[in-house]
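Peer 1: Dropping a structure here in structure tokens format, bear with me for questions.
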Amino acid sequence: MPGASVDDMRRPTISDVLYARQLLSRQLPPTPMWTYPVLNARTSATIHVKHENTQPTGAFKVRGGLTLLAGMDPAERGRGVVGYSTGNHAQSLAYAAATFGAPCTIVMPEGANPAKAHAVRAWGAELVEYGGNFDEARSHAEGLARDTGKRLVSAANEAEIIAGVATVYLELVEQEPELDVVLVPVGGGSGAAAACLVTAALAPGCEIVGVQSSAAPAAHDSWHASECVTRTNHTAVDGLATGSGFELTQSIMRERLTDFVLVDDDAIAAAQRVMMHEIHTLAEGAGAAALAAVLADPSRFAGRRVAVVCSGGNASEREIRACAG
Ligand SMILES: *Cc1c(COP(=O)(O)O)cnc(C)c1O
């Protein structure tokens, strides 16, 4: 939970990441990373797009959910898991719970992306819609976990989740060892912390830049302030919509992240349109945020070898219509 002390939480190591990769190799093939001349021409950089939108749940988070469930003690796993999420962490937990035959309850804010809610039910999880935002859903999930004995699984303050997510970055540095910079969209920070862990060990010269929406800047502001802060959260980009910094991921980002930038929701929507029209990729807003940051500051990236993580493709009906229009 965002307020927990980082001393209570185990920090993931590069060995945890290698172990996670071994576990996941039986479940998920590596995702592709492509470079597209049209994007390179538009940005004057060499852009490599890491396609986590091709995961079975449509987002990178499935790597974390499977790794966490795989590592649980069987008795604890038999009691099940509770998650709170605006969507993709929920799908990841529901998918992993279905894989391991564990009960799963998900709390989503009311009015969550209906496509994501539908997918969670389809994976067999129990869905509870509660509260107006991520943080209200979180408190409700905490209560459910206390009452039912299920394990509460945070989307970010979990060593196994970060280790599982870090397999994205193992693949990425193997697919393209000569990168200058990787841009990572940030909500809770598991992806950016994972990128920090892997590049510290395997690509020490590579910069990592976090990207969040200016309409939900809690992780960005927490990193710049070197302490976890709470901020208003009214971005339409559900993958990036968190209201406070998470201790574990922030403490890892503090050691290694090069920079953390904000882009506004309109710039993210424009990057989604570029991805749809120019590289035939349906990205949800969060999945287009890294490219949006490159498009917003072209001189910073010109002439450089840049990876952008297309973290997910679970665009809502509304987003898809906006892209097409
Ligand atoms: C969760 C999510 C993010 C943010 O990742 P964190 O690890 O929470 O920082 C970015 N993009 C998508 C598609 C997501 O689902």
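Peer 1: Among DSSP beta bridges lying fully in the chain, give the percent that are antiparallel, nearest 5.
Peer 2: Just about 15 percent of them are antiparallel.
Peer 1: For the chain, what is the relative contact order in percent, using Cα pairs closer than 8 Å and at least 6 residues apart in sequence?
Peer 2: Details: 731 pairs, mean separation 70.7, N = 325.
That works out to 22 percent.
Peer 1: Using a 1.4 Å probe on the protein chains only, how many percent of the accessible area of segment 62-157 belongs to carbon and sulfur?
Peer 2: Roughly 49 percent of what the probe reaches on segment 62-157 is carbon or sulfur.
Peer 1: Per the Kirkwood treatment, what hydrodynamic radius in Å, one decimal, follows for segment 243-290 from the mean inverse distance over all distinct Cα pairs?
Peer 2: That comes to 12.5 Å for segment 243-290.
Peer 1: To make sure I understand the rule: partners must be lysines, Cα under 19 Å from the Cα of K50, and not fewer than 8 residues away in the same chain. Which ones qualify?
Peer 2: Leaving aside lysines fewer than 8 places away in the same chain, those within reach of K50 are K61.
Peer 1: Taking 25 °C and 0.890 mPa s as the conditions, I'd like the Stokes-Einstein D for the chain in µm²/s, using the Kirkwood hydrodynamic radius from alpha carbon pairs. Don't skip to the end; give the middle numbers.
Peer 2: Details: Rh = 19.1 Å.
For the chosen part, D equals 128 µm²/s.
Peer 1: Here's something else I'd like to know. Indicate the gyration tensor shape class of segment 211-318 (rounded, prolate or oblate), computed on the Cα atoms with a ≥ b ≥ c the square roots of the eigenvalues: a/c under 1.5 is rounded; otherwise a/b larger than b/c is prolate and the rest oblate.
Peer 2: Cα axes put segment 211-318 in the oblate bin.
Peer 1: Okay, moving on. Using alpha carbon centroids, what distance separates segment 29-67 and segment 68-144, in Å?
Peer 2: Each part reduced to its Cα centre gives a spacing of 25 Å.
Peer 1: Relative contact order for segment 62-157: what is it in percent, counting Cα pairs under 8 Å that are at least 6 residues apart?
Peer 2: Computed value for segment 62-157: 32 percent relative contact order.
Peer 1: If you build a Gaussian network model of the chain, linking Cα atoms that sit under 10 Å apart, which residue out of A203, A41, A137 swings the most?
Peer 2: For the chain, modelled as a Gaussian network with Cα springs under 10 Å, the answer is A41.
Peer 1: To continue, here is another question. Given a 1.4 Å probe, how much area per residue of the chain is accessible, in Å²?
Peer 2: It amounts to 38 Å² per residue over the chain.
Peer 1: Same structure, new question: Among S25, S299, C206, whose Cα sits farthest toward the positive end of the charge dipole of the chain (+1 at Cβ of Lys/Arg, -1 at Cβ of Asp/Glu, about the Cα centre)?
Peer 2: S25
Peer 1: Right, here's the next one. Based on DSSP H runs of at least 4 residues, each adding -39500 (n - 2.57), what is the mean residue ellipticity at 222 nm of the chain after dividing by all its residues, to the nearest 500 deg cm²/dmol?
Peer 2: -14000 deg cm²/dmol
Peer 1: Residue by residue, what Karplus-based ³J(HN,Hα) values in Hz, rounded to whole numbers, does segment 164-169 have, using 6.51, -1.76 and 1.60 with θ = phi - 60° and x for Gly and Pro?
Peer 2: Each residue's phi maps through the Karplus curve to give x, 4, 5, 5, 4, 7 Hz.
Peer 1: For E174, project a label point 7 Å along Cα to C-beta. Then give me every residue of segment 185-203 with its amide nitrogen under 18 Å of that point.
Peer 2: Output list for this probe position: 194-203.
The values are calculated or read from the model by the stated rules, or taken from the named source; none is laboratory data. Keep in mind it's a predicted model, so treat the numbers as computed, not measured. Every residue, glycine as well, gets a Cβ built from its backbone with ideal geometry; the counts of neighbours run over all protein chains shown. What goes into the accessible areas is simple: the full protein's heavy atoms, side chains included, and nothing from ligands, DNA or RNA. Shrake-Rupley method; radii C 1.70, N 1.55, O 1.52, S 1.80 Å.
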